[in-house]
1. About the Cα centre, and with charges only on the beta carbon of Lys, Arg (+1) and Asp, Glu (-1), how big is the dipole of region 127-233? Nearest 20 debye, please.
2. Return, ordered by residue number, the residues of region 201-224 whose backbone nitrogen is under 20 Å from a label point located 7 Å along Cα→Cβ of residue 231.
3. For Cα pairs less than 8 Å apart in space and 6+ apart in sequence, what is the mean separation divided by the residue count of region 2-230, i.e. the relative contact order in percent?
4. How much mean residue ellipticity at 222 nm does the chain get from its helices, if each DSSP H run of length 4 or more adds -39500 (n - 2.57) and you divide by all residues, to the nearest 500 deg cm²/dmol?
5. Give me the extension gain from residue 151 to residue 125: residue separation times 0.36 nm, minus the current Cα-Cα distance, reported in nm with one decimal.
6. Assigning unit charges at the beta carbon (Lys, Arg +1; Asp, Glu -1) and nothing else, what dipole magnitude in debye, to the nearest 20, does region 2-230 show about its Cα centre?
7. Which of (i) 2.33; (ii) 0.99; (iii) 1.11 is the computed Cα Rg over 2.2 N^0.38 Å for the structure on display?
Amino acid sequence: MEWLTVTLAIYGRAARRAAELALRNWPVLGSLFAYGVILFAAAYFALPFGPAGGLILGLVLAACAGSFLYLVEMMVRTSKVTWEDFKRSFGAYLWDVLGVNFVLWGISLVAPMIAALPSGPLILLCASIVLFVFFNALPELIYLGHHSVLELFAESYRFISENWIEWFPPNVFLLIAYTILESLPATELWTFIAKNAVVGLFLYFAMVMRGLLFLELHGSSRRSRAFRHRAGY
C-alpha cells in the first residue's frame with residue numbers, strides 16, 4: 001500500500017533528523033534542569049502570597065513552557081540552539097501559553113458541575129479524551145503556526161481531523177517510551193543524574209520529531225505526499 005510506504009518514509013526522516021538534532025544540541029538538556037531550579041525558587045518565594053503567589057507561579061511556569069517551545073523551534077528551524085536563544089526564549093511564547101492555559105482553565109471551571117451529573121464521570125472522561133486528541137498539536141502550532149489563541153484551537157482541530165491516522169502512531173510510541181524511561185529506578189545520585197539527562201534528551205528528541213512530523217503533514221494531502229515520495233523528495 002503506497003500510503004503506508006509514504007507514511008513510514010516520513011516517520012523515518014523525522015526520527016533520523018530529530019535524533020541528529022538532539023545529539024548535536026545535547027547541551028540544551030541543561031535547560032530542563034534550569035527550569036526545575038527556576039520553578040523551585042518561584043514556588044518557594046510565591047508560596048507565602050497565597051492566591052497571588054499562585055498567579056506568579058503560573059506566570060513563571062508559562063514562561064518556562066514558552067522557553068522550551070522556543071528552543072525546540074530553534075532546533076527544528078535552524079538546527080542549532082545557542083546561549084542567546086536560551087536568554088531570549090522566556091518571553092517568546094509567554095502570552096501564547098498563557099492564552100491557551102486560560103482557555104483550558106475556563107473549560108475546567110465547568111468540570112465540577114458536569115461531575116455532579118449522574119453520568120458526569122463518564123462525560124468528563126470522554127471530554128478529556130476529545131481534548132487530548134483534537135488539541136494534541138497545540139504545542140507545534142504555538143511555535144510553527146503563530147496564530148491567535150482561538151485560532152490555535154481551531155487549527156489544531158483541523159490538523160488532527162485531517163492527519164490523525166499519520167499523527168498518532170509515532171506520538172503514542174514516543175509517549176510509551178517516555179513513560180518507560182521515567183519509570184526506571186534511580187536510587188543513587190549518579191543514576192538519578194544520568195536518568196534525568198537521558199529523559200531530558202529524549203524529551204527534546206520527541207518534541208523535535210513532533211515538530212518535523214508536523215511540518216511534513218501540515219498543509220499537504222495524502223495525494224501530494226505520495227507524489228513527492230514518487231518524485232524522490
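FYI, it's all coordinate maths here, none of it is from the lab. Since the structure is predicted, the reported quantities are computational estimates derived from the model, not experimental observations. When we count neighbours, we look across all protein chains shown, and the Cβ atoms used for this are built from the backbone with ideal geometry, even at glycine.
1. Numbers: 8 positive and 8 negative charges, 96 e Å.
With Lys and Arg at +1 and Asp and Glu at -1, about 460 debye.
2. 213-224
3. Numbers: 177 pairs, mean separation 67.2, N = 229.
Reported relative contact order: 29 percent.
4. On the way: 10 runs with 183 residues, N = 233.
That calculation yields -26500 deg cm²/dmol at 222 nm.
5. 6.9 nm
6. Details: 16 positive and 14 negative charges, 128 e Å.
Computed charge dipole of region 2-230: roughly 620 debye.
7. (iii)
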